[in-house]
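The values are calculated or read from the model by the stated rules, or taken from the named source; none is laboratory data. In this text, all values refer to a predicted model and were calculated from it rather than measured experimentally. All Cβ positions, even for glycine, are placed from backbone atoms using ideal geometry, and neighbour counts span all protein chains on display.
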Amino acid sequence: MRFFAILILACSSLPSVALAKEGATQPNIILINIDDLGYAEIGPFGSKNATPHLDRMAKEGMRLTSHYAAPVCSPSRAAMMTGCYPKRVLPTPHVLFPAAAVGLNPAEVTVAEVLKEQGYATACIGKWHLGDQPEFLPTAQGFDHYFGIPYSNDMGTAAEGSKSNPGSSLPNPNAKAKNKKSPPANDETGLKGNAQPPLPMLNDHNVVERVKAAEQHTMTRRYTERAVKYIRGHREKPFFLYFPHSAVHFPLYPHHDYVGKSGKGLLGDWVREVDWSVGRVLDTVRELKLDSNTLVIFTSDNGGPTNQGADNTPLRGGKGSTLEGGIRVCTLAWWPGKIAPGSKTDAITAHMDWLPTFAVVGGGKAPSDRKLDGRDISPLLLAKKDATGHDVFHYYRGFDLEAVRSGPWKLHLAKTELYNLDDDIGEAKNVAADHANIVAQLQKHAEAMKADLGDKTATAPGVRPLGRVANPLPLIGHDGTVRPGFNKIAKTLP
């Protein structure tokens with residue numbers, strides 16, 4: 001058992017504060033990332049669905065009520081891993097798909113690489129979604145261990161359950177997608193629709209399973225047991241566990257033990273299983289007496305999809321948009337003895353803050369050889385005097401800068417719509433006509449960002465290159481053939 005030393009916090013006026021000094025015990029860090037979780041899907045953010053473990057986590061920790069992700073999966077995860085606005089490091093129009101020729105550039109420095117330099121063991125268990133080719137996988141991006149599906153659970157075949165909820169009829173393979181443009185001929189982001197191969201489960205870089213409907217039902221439980229095993233096996237040294245669930249992304253596959261238990265459909269059932277998973281992780285940390293030396297973050301990669309029943313109340317909009325409901329996510333921080341119980345911050349924070357924050361918490365430094373957009377928010381988490389969040393936040397959707405926020409003011413650029421989020425969190429009343437000076441100020445912020453990351457274009461002075469490979473291949477072919485070098489045991493998976 002490790003002995004716990006007192007973490008030393010230097011003056012909070014310094015731009016970067018080392019929480020783990022030489023000779024002190026470095027805290028463990030667990031980052032739990034849920035897929036497509038609506039802002040109001042858990043008890044601490046207003047849900048009536050039973051989430052007792054998350055309720056306890058909030059009572060013992062902090063709610064971050066103005067925490068921002070990105071409108072969709074891959075960009076959000078890029079920000080989380082690199083400390084940057086998504087467009088700076090993953091300039092793609094949407095998300096990545098199987099056998100994409102592009103992914104997160106291996107030249108980027110990930111949070112896992114930063115923590116490894118400080119002696120941390122690192123693992124990713126769950127959905128990756130930053131590229132499925134060998135050069136882009138977690139084991140090539142700073143993680144010692146990976147177990148999971150490298151992209152979304154709907155990116156498999158219809159016949160094996162990836163395109164419809166359990167119990168629903170299979171989609172018509174000949175039906176044309178509504179309101180969908182055909183991808184350009186030079187699209188490098190991977191295979192779409194019915195061209196997608198079977199879902200692969202990876203253990204490090206080996207394909208160990210072909211994920212069908214039955215396996216989807218057990219994913220959350222299996223990920224959780226892997227996470228618990230990892231925590232138990234690494235309790236004697238500092239570890240970073242990135243735990244990105246496939247839940248609660250469509251198609252909705254709660255374990256059979258949870259189906260029908262919430263009274264709120266499959267989504268509510270799966271949220272309950274997510275709550276169970278968080279409880280298993282936190283109970284394990286408590287049992288091993290690691291709680292006073294473990295920082296745990298719970299969050300989502302984007303807002304919930306309202307067309308699938310997600311609840312983002314009181315926010316307007318949902319996944320895929322830069323309305324608050326698409327990009328503001330329910331977030332909790334837990335560190336007994338360090339984070340005040342029952343606390344809350346309304347300061348503007350974002351996924352791009354995790355890398356600089358974890359770097360400082362772990363006793364190291366964020367990369368200084370490249371531009372980062374995130375900031376160390378540990379002073380906010382620890383309620384230090386005069387701690388602040390971001391003064392300005394920019395809302396990118398793909399290549400497009402669609403909105404900008406400063407303080408309570410948010411300006412949607414296309415139609416010059418201004419909202420005071422303190423008074424009107426639902427973005428219902430456009431007050432631009434009454435605040436021309438605020439509009440002009442926010443437009444200046446937007447123009448400055450456009451000069452750096454651009455607008456409506458993939459290239460700009462501050463945009464760094466994507467990782468790119470020639471001749472990308474699916475990890476499992478439609479005939480079950482596993483890509484050479486990705487399975488040491490079998491050449492095909494039935």
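Quick check: is even one residue across the stretch 278-296 at negative phi, surrounded by fewer than 22 Cβ atoms within 10 Å (Cβ to Cβ) and in contact with a His (Cβ under 7 Å, 6 or more places away or on another chain)? Yes.
Does the stretch 45-77 hold any residues that are over 18 Å from Pro305 (Cα atoms) and not in a loop (DSSP other than H, G, I, E, B), and which are they? Residues satisfying the conditions are Pro52, His53, Leu54, Asp55, Arg56, Met57, Ala58, Lys59, Glu60, Met62, Arg63, Leu64.
Have a look at Lys48, Lys87 and point out the one that is within 21 Å of the chain's Cα centre (by Cα), basic (Lys, Arg) and over 15 Å from Trp354 (Cβ atoms).
Lys87
Among the residues of the stretch 25-41, is there at least one that is modelled with pLDDT under 95, surrounded by fewer than 20 Cβ atoms within 10 Å (Cβ to Cβ) and not acidic (Asp, Glu)? Yes.
In this structure, does Arg316 turn out to be surrounded by fewer than 24 Cβ atoms within 10 Å (Cβ to Cβ) and touching a helix residue (DSSP H, G or I) at 6+ places or on another chain (Cβ under 9 Å)? Spell out the reasoning first.
Working: surrounded by fewer than 24 Cβ atoms within 10 Å (Cβ to Cβ): yes; touching a helix residue (DSSP H, G or I) at 6+ places or on another chain (Cβ under 9 Å): yes.
Answer is yes for this residue.
Of note, Glu417 satisfies the criterion of being of a type in the set (Asp, Glu) and touching a helix residue (DSSP H, G or I) at 6+ places or on another chain (Cβ under 7 Å).
Comparison of Ser378, Ser406 shows that the only residue that is under 18 Å from Arg328 (Cβ atoms) and of a type in the set (S, T, N, Q) is Ser406.
Counting the residues of the stretch 297-310 that are surrounded by fewer than 18 Cβ atoms within 10 Å (Cβ to Cβ), at negative phi and in contact (Cβ under 8 Å) with a residue 12 or more places away in the chain gives 0.
Please state which one of Ala366, Ala387, Ala414 is aliphatic (A, V, I, L, M) and outside the structural domain of Thr65 (by TED's automatic domain parsing).
Matching residue, one of Ala366, Ala387, Ala414: Ala414.
With respect to the conditions (1) in a loop (DSSP other than H, G, I, E, B); (2) hydroxyl-bearing (Ser, Thr, Tyr); (3) at pLDDT 95 or above; (4) under 30 Å from Asn471 (Cβ atoms), Ser182 lacks only one, and its number is (3).
Step by step: first the residues of the stretch 251-289, then only those that are part of a helix (DSSP H, G or I) and among the basic types (Lys, Arg), then the one that is farthest from the chain's Cα centre (by Cα). Which residue is that? Explain how you work it out, then say what you get.
Filtering the stretch 251-289 for residues part of a helix (DSSP H, G or I) gives 265-287.
Narrowing further to those that are among the basic types (Lys, Arg): 272, 280, 286.
Numbers: Arg272: 19, Arg280: 20, Arg286: 25 Å.
Only one residue fits best here, namely Arg286.
Of these, Ala101, Ala40, which one is among the aliphatic types (A, V, I, L, M), farther than 27 Å from Gly265 by Cβ and in contact (Cβ under 8 Å) with a residue 40 or more places away in the chain? So the residue among Ala101, Ala40 that is among the aliphatic types (A, V, I, L, M), farther than 27 Å from Gly265 by Cβ and in contact (Cβ under 8 Å) with a residue 40 or more places away in the chain is Ala101.
Given the criterion surrounded by fewer than 23 Cβ atoms within 10 Å (Cβ to Cβ), among the acidic types (Asp, Glu) and modelled with pLDDT of 95 or more, identify the matching residue among Glu135, Glu108. Walk me through how you get there before you give the answer.
Values: Glu108 fails: surrounded by fewer than 23 Cβ atoms within 10 Å (Cβ to Cβ).
Just one listed residue meets the conditions, Glu135.
On the basis of being without any contact (Cβ under 8 Å) to a residue 12 or more places away in the chain and over 22 Å from Gly148 (Cα atoms), does Gly268 make the cut? I'd like the intermediate steps shown before the answer.
Numbers: without any contact (Cβ under 8 Å) to a residue 12 or more places away in the chain: no; over 22 Å from Gly148 (Cα atoms): yes.
Considered against the rule, which asks whether it is without any contact (Cβ under 8 Å) to a residue 12 or more places away in the chain and over 22 Å from Gly148 (Cα atoms), Gly268 comes out as no.
Restricting the first member to the stretch 474-494 and to residues that are not assigned by TED's automatic domain parsing to the domain that holds Phe97, and the second to residues that are acidic (Asp, Glu), the beta-carbon pairs closer than 7 Å and six or more apart or on different chains are Leu475/Asp132; Leu493/Glu209. Scanning the stretch 441-494 for residues that are in contact with a helix residue (DSSP H, G or I) (Cβ under 9 Å, 6 or more places away or on another chain) and among the acidic types (Asp, Glu), which turns out farthest from Lys371 (Cα to Cα)? Checked the stretch 441-494; the qualifying residue farthest from Lys371 (Cα to Cα) is Asp455.
Scan the stretch 290-315 for residues that are part of a loop (DSSP other than H, G, I, E, B) and either out of contact with any strand residue (DSSP E or B) (no Cβ under 9 Å at 6 or more places or on another chain) or at pLDDT below 95 (or both) and report the count. So the answer is 8. All told, Val207 falls short of being touching an Asp or Glu at 6+ places or on another chain (Cβ under 8 Å) and either surrounded by fewer than 16 Cβ atoms within 10 Å (Cβ to Cβ) or at pLDDT 95 or above (or both).
Tell me the residue from Ala448, Ala383 that is closer than 24 Å to Leu90 by Cα, surrounded by fewer than 16 Cβ atoms within 10 Å (Cβ to Cβ) and not acidic (Asp, Glu), please. First the steps, then the outcome.
Details: Ala383 fails: closer than 24 Å to Leu90 by Cα.
The unique qualifying residue is Ala448.
Leu130 fulfils the conditions (1) assigned to a loop (DSSP other than H, G, I, E, B); (2) hydrophobic (A, V, I, L, M, F, W, C); (3) surrounded by fewer than 24 Cβ atoms within 10 Å (Cβ to Cβ) except for a single criterion, (3).
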